[in-house]
Every structure is written in structure tokens, then in C-alpha cells.
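Notes for the one structure printed next.
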């Protein structure tokens with residue numbers, strides 16, 4: 001009797017292959033002064049897509065955290081229960097310094113190394129990286145309160161995972177979160193109504209409701225509240241120094257589109273104790289330091305997501321045959337894959353450049369500090385905006401197989417919109433860029449110095465740069481044109497990095513299709529005449545060692 005279920009023309013598993021590192025990532029790591037971390041980046045990349053860690057990510061997303069507001073006897077506990085695999089993911093991330101470790105690392109390039117490791121490890125699971133990112137970001141903001149920073153920073157930078165609600169200063173290490181958003185205000189944090197009343201001991205008592213507080217089992221949170229002197233920033237612990245629970249009550253966990261492994265919650269402050277960080281009335285100015293760092297991570301993980309989605313598409317097309325030959329040899333598919341590859345490589349290149357600016361800014365470089373101001377918001381806007389479209393196209397490369405959960409693409413697809421919303425949706429990031437350009441001329445100058453560094457290399461780039469200057473010369477309706485302007489800025493920043501440091505084939509294709517505009521609106525509409533084999537060679541997924 002003939003077999004009715006012979007399996008043919010199915011691709012081999014992608015698990016066990018390095019789908020995170022790429023030439024663009026490793027070149028950026030070297031270029032931005034962190035080549036010393038290359039071995040650890042490769043190690044994490046291999047680990048992230050290994051069977052045990054892929055399984056851990058799958059389980060952590062299939063079985064989201066569970067909120068327990070009370071114990072069996074009726075006592076309030078406000079605990080979130082996670083799978084053991086979630087804790088394993090967290091422990092690995094912390095031990096490899098993906099949290100706040102660079103702030104305690106004197107080596108040049110420490111922040112670049114962390115960004116590259118974050119890209120590599122994110123292939124395991126994106127959700128657990130939320131508290132990792134916030135712990136990284138809290139340090140520069142907390143330094144606005146030197147006494148608090150001296151006490152908490154060594155624990156925030158410690159490479160130990162110490163989960164559990166205990167008095168923060170009694171632990172070996174801490175995780176931090178951020179609690180800004182309220183239901184009536186959203187991104188308009190000045191509309192927040194949570195109040196902060198001074199106590200005789202110098203602390204404040206906070207009363208109010210927070211609409212989105214991610215990773216609620218973190219040890220400490222930066223939060224905004226209205227003090228007598230105006231909107232201010234506070235450090236709020238889950239557990240007070242005497243070991244008692246703070247009046248920090250979890251109302252419910254959010255049922256989100258993706259990011260399932262990470263708990264996001266609504267929080268009620270009922271005279272919760274908090275300590276002022278920075279000057280009273282300067283809360284936004286204080287907490288923006290944390291926002292800047294989490295915006296970096298949004299851009300970095302967006303670039304990482306593109307690389308992973310691209311790897312799935314290229315791997316499938318390499319091993320799947322249609323109409324007599326592998327998909328990767330079919331001209332229409334070649335165009336799609338090359339277009340996805342260009343997008344992913346440009347994203348990685350610019351993310352590493354911005355990470356380099358962050359690293360040098362942290363070490364006192366004023367020019368890089370000025371560049372960081374606009375480059376962060378521009379890059380956050382564009383990479384995060386592109387991720388969802390890029391992931392959707394990569395999913396389509398797998399056809400019906402990509403629409404099935406087992407392929408891994410649906411989880412990537414659900415995850416993709418998050419970074420475009422987190423730390424300011426597209427409008428917020430674009431408008432922030434426009435406002436910064438009006439208020440901080442030194443940042444505009446630094447940004448154009450970066451763009452001018454590539455002038456003269458390609459006439460098409462020069463024409464696009466002239467068009468941007470013309471766009472900015474007209475200040476009428478600039479907010480209405482904010483997305484258009486910021487998109488142009490992002491494209492030119494990517495083009496500048498690629499023309500100076502990228503592979504010639506990728507740089508040429510990027511300028512032709514993104515700056516000269518010789519392409520259609522969809523992926524896979526690149527012009528003829530590009531070096532398609534060279535572009536795809538840099539996107540290849542290696543066989544397991």
C-alpha cells in the first residue's frame with residue numbers, strides 16, 4: 001500500500017542556527033569601539049536560537065504571568081506568578097549584563113556591547129527584555145538624586161538575578177520599572193492626577209491610579225506625580241526599608257496583543273511612599289533620561305526583530321522549492337528577500353551608530369550627546385514604524401506555513417507593533433524630534449554634521465540631503481509635516497552610515513530605493529541592476545556548527 005504521508009519539500013528546522021548575528025551587527029560592534037565583546041555576542045546569538053531557549057520563550061508566551069491579589073486567607077499579596085522558564089530567561093539576560101551593567105563598566109564601548117548582546121539575545125523572547133531595558137534606563141535618571149543613586153545603583157548594575165519582594169537594600173540585586181501613564185492622559189503626562197504629599201521625614205505619599213505599569217514585580221519604580229511644586233519624579237519601592245509592603249496595589253494585568261511573557265498592570269497608589277528624584281516640578285525633565293535609554297532599546301530590538309524575521313524568510317526560501325527550483329533563486333522572491341535584507345541591515349547599522357553615540361555621551365563627549373538627542377528619537381520613530389511591515393512581509397515569504405504558530409512568525413508579528421507604541425507612539429516620537437530641533441540648535445547642528453560626513457560619496461544621497469534642508473527651511477505647518485520630515489531624517493541617517501561604513505552593494509541599493517525613490521510602495525519592488533547576490537549573501541543563515 002503506498003504511503004499517504006511522505007514528507008517532502010519541507011525546510012529543516014531553523015532552531016539551532018545563528019539567526020541573530022549578521023555582518024552588519026559585527027561590523028557595527030567593531031566600528032563603535034566594542035569589538036572586544038564579539039565572542040560574547042556570538043555566544044548569546046547561538047544560545048538564543050538553541051532548542052532549550054526557544055522552548056523557554058515559547059512556554060513563557062504560551063503561559064502568561066498570573067496575578068494573585070490575595071492569598072487563600074484573604075490577605076493582600078499583589079504577587080505575579082511567572083513560569084520557571086521566564087526566570088531562566090531573566091537570569092541569563094542579567095548575568096550577561098543586558099540590564100544596567102554598562103553603567104558600572106569603565107570600558108569604552110560598554111553600552112555598544114550591551115546593545116549588540118541585546119540584539120543577539122532577543123531572538124529567545126522579547127517580553128522579558130522589558131524589565132531588563134527599564135533597569136538599564138533607570139540609572140541616568142536616578143542620578144538626579146545622588147543619595148538615592150549611591151544606595152541603589154550598585155544593586156541595579158549587579159549581574160545577579162535576585163527575584164522576590166524584599167526590602168530593596170537587603171537584596172543582592174534589583175530590577176527597576178517605570179510607571180507614568182494614566183488613563184486620562186496617555187502620552188500627555190502633564191495631565192496626570194496622581195498626587196504626592198510631602199511627609200515630615202522627607203518622603204512623599206502618593207495617591208492615584210497608573211494605567212500601564214510593566215513588570216510590576218520589579219523592586220523599584222520611577223513614577224510621576226503632582227507635588228506641591230508641580231509634576232515631579234519619584235522612586236517608589238514595592239517593599240519599604242522596614243520590610244513591609246508599600247501601598248502599591250495591582251488591580252489587573254493587561255491582556256495584550258503580544259509581549260505575553262511580560263506582565264503589564266494597572267497599579268493603585270494608596271498613600272504609597274516615594275522619594276523625590278530631581279527637582280520638584282521637573283519630573284518630565286528628570287524621567288526623560290530614562291525614556292531616552294528605553295527608546296534606544298526600542299530601536300535596537302526593532303533592528304533585531306527585522307534580522308530574525310529576515311532569517312526565517314531567507315532560511316525558508318533557501319530550502320523550499322517551487323516551480324522546479326529553490327525559492328531563493330526565483331527572481332520575484334529574490335527581489336523581496338533583498339528588499340527585506342536592505343531594510344534589516346540599514347536598521348542594524350544605524351542602531352549600532354546610535355548606541356555608539358549613547359556610549360560616548362555617557363563618557364562626556366558633548367558632540368555625541370548633542371547627536372544622541374535627535375538621532376535617538378528619529379531612529380526610534382522609523383525603525384519601530386518599519387518593523388511591523390517588515391515582519392508581515394517576512395511572514396508572507398513562508399506562505400501558509402508562516403501563518404501557523406509553530407513557525408514562530410505569528411509571535412514575531414504580534415510583538416512587532418509594541419516598540420512603535422512603547423515610549424511614545426509614532427506621533428509622539430516625530431513631534432519630539434521637531435520640538436527638539438526648535439529648542440536645541442546644537443542637536444540639529446550635530447545631526448547635520450553626521451549627515452554631511454557622507455556628502456560627496458553618492459550624488460543621489462546629496463540630492464536627498466538638499467531636499468531635507470529645503471523641507472526644514474519652511475517652518476510653516478512643521479508639526480503637520482512631522483512624520484514626513486522625520487522619515488527623511490531617518491533615511492538620510494541610515495544612508496550616511498551605510499555609505500561610509502556599509503557593504504557597497506547594500507549602500508547602493510539603499511540609496512537607489514530609499515533616497516532616490518526608485519522602487520514601489522511594497523517590499524520586493526527594487527529596481528534592476530542591483531547586486532542582488534551580494535546583498536543576499538550577507539543575509540544568509542549559516543548551517544549549525
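Values as computed for the structure displayed
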{"quantity": "Filtered residues of the range 394-410 (kept if buried (at least 21 other Cβ atoms within 10 Å of the Cβ) and in a helix (DSSP H, G or I))", "calculated": "394, 395, 397, 402, 409"}
{"quantity": "Hits in the range 221-274 (condition: under 12 Å from residue 165 (Cα atoms) and in contact with a helix residue (DSSP H, G or I) (Cβ under 6 Å, 6 or more places away or on another chain))", "calculated": "237"}
{"quantity": "Residue in the range 385-392 that is surrounded by fewer than 22 Cβ atoms within 10 Å (Cβ to Cβ) and over 19 Å from the mean Cα position of the chain (by Cα) present", "calculated": "no"}
{"quantity": "Test: residue in the range 439-450 that is free of Cβ contacts under 8 Å to residues at least 12 places away in the same chain, part of a loop (DSSP other than H, G, I, E, B) and out of contact with any strand residue (DSSP E or B) (no Cβ under 6 Å at 6 or more places or on another chain)", "calculated": "no"}
{"quantity": "Tally of residues being outside any loop (DSSP other than H, G, I, E, B) and closer than 29 Å to residue 408 by Cα across the range 90-136", "calculated": "24"}
{"quantity": "Residue within the range 476-494 that is within 21 Å of residue 307 (Cα to Cα), over 24 Å from the mean Cα position of the chain (by Cα) and in contact (Cβ under 8 Å) with a residue 40 or more places away in the chain present", "calculated": "no"}
{"quantity": "Some residue of the range 116-128 being out of contact with any helix residue (DSSP H, G or I) (no Cβ under 6 Å at 6 or more places or on another chain) and either in contact (Cβ under 8 Å) with a residue 12 or more places away in the chain or within 21 Å of residue 372 (Cβ to Cβ) (or both)", "calculated": "yes"}
{"quantity": "Odd one out for residue 524 among (1) buried (at least 20 other Cβ atoms within 10 Å of the Cβ); (2) touching a residue at least 60 places away in the same chain (Cβ under 8 Å); (3) in a loop (DSSP other than H, G, I, E, B)", "calculated": "(1)"}
{"quantity": "Residues of the range 38-61 classified as part of a helix (DSSP H, G or I) and surrounded by fewer than 22 Cβ atoms within 10 Å (Cβ to Cβ), total", "calculated": "13"}
{"quantity": "Criterion: touching a residue at least 40 places away in the same chain (Cβ under 8 Å) and within 29 Å of residue 374 (Cβ to Cβ) - qualifying residue of 220, 284", "calculated": "284"}
{"quantity": "Members of the range 451-479 that are outside any helix (DSSP H, G or I), modelled with pLDDT of 95 or more and loosely packed, with under 12 Cβ neighbours inside 10 Å", "calculated": "456"}
{"quantity": "Residue satisfying all of: in the range 427-439; over 17 Å from residue 383 (Cα atoms) and in contact with a helix residue (DSSP H, G or I) (Cβ under 6 Å, 6 or more places away or on another chain); surrounded by the fewest Cβ atoms within 10 Å (Cβ to Cβ) among these", "calculated": "436"}
{"quantity": "Strands (runs of 3 or more DSSP E) contained entirely in the range 187-293, each with at least 3 residues that are surrounded by fewer than 21 Cβ atoms within 10 Å (Cβ to Cβ)", "calculated": "195-198, 204-214, 248-253, 264-277"}
{"quantity": "From the options 64, 12, residue that is buried (at least 18 other Cβ atoms within 10 Å of the Cβ), touching a residue at least 60 places away in the same chain (Cβ under 8 Å) and in a loop (DSSP other than H, G, I, E, B)", "calculated": "64"}
{"quantity": "Test result for residue 78, more than 20 Å from the chain's Cα centre (by Cα) and in a strand (DSSP E or B)", "calculated": "yes"}
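The values are calculated or read from the model by the stated rules, or taken from the named source; none is laboratory data. What you see is a predicted model, and the numbers here were worked out from it, not measured in a lab. Positions of Cβ are generated from backbone atoms using ideal geometry, with glycine treated the same way; all protein chains shown enter the neighbour counts.
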